[in-house]
């Protein structure tokens, strides 16, 4: 169950990073809306990370959480914000995913 909480926390990390990206692109009330989304996603993500670390090793949980956030944020950047999908970005994204899977495989 704690691995599920950790994955959901990572997805909310993608959410708060994406809200920051949208807040940067907007002004006025729309920017405030995206910043509110940022704080909501940040709070949920941190709470779920806290709950997951009650039974998972902190080093593994934190690495997996940041990895999910990093991978998700790069993918959102490519598909939503039209950032470049170069060979090296995809290559290192793949190695990051492999590392996350490896950490899960060797942790209890």
**Request:** For residue 91 paired with residue 55, estimate the spin-label separation in nm (one decimal), with each label point 7 Å from Cα along the Cα-to-Cβ line.
**Result:** 4.0 nm
**Asked** Within the P(r) computed for the chain, what percentage of the Cα pairs occupies the region above 25 Å?
**Response** 27 percent
**Request:** Note the angle between two axes, namely the Cα long axis of helix 2-25 and the longest principal axis of the Cα atoms of the chain, as a number of degrees from 0 to 90, rounded to the nearest 10.
**Result:** 20 degrees
**Item:** Relative contact order (%) - the chain, alpha-carbon pairs under 8 angstrom, separation at least six
**Value:** 33 percent
**Complete:** Relative to the chain, whose Cα atoms define the longest principal axis, helix 58-79 and its Cα axis are tilted in degrees, nearest 10, by 40 degrees
**Asked** Which residue fluctuates the most in the chain, going by a Gaussian network model with Cα springs under 10 Å, if the choices are 65, 88, 34?
**Response** 88
**Item:** Principal-axis tilt of helix 28-52 within the chain, Cα atoms, nearest 10 degrees
**Value:** 10 degrees
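Each reported figure results from applying straightforward, stated rules to the coordinates on display, with no laboratory input. A quick note: this is a predicted structure, and the numbers were derived from the prediction, not measured. With ideal geometry, Cβ positions are generated from the backbone for all residues, glycine too; neighbour counts draw on all protein chains shown.
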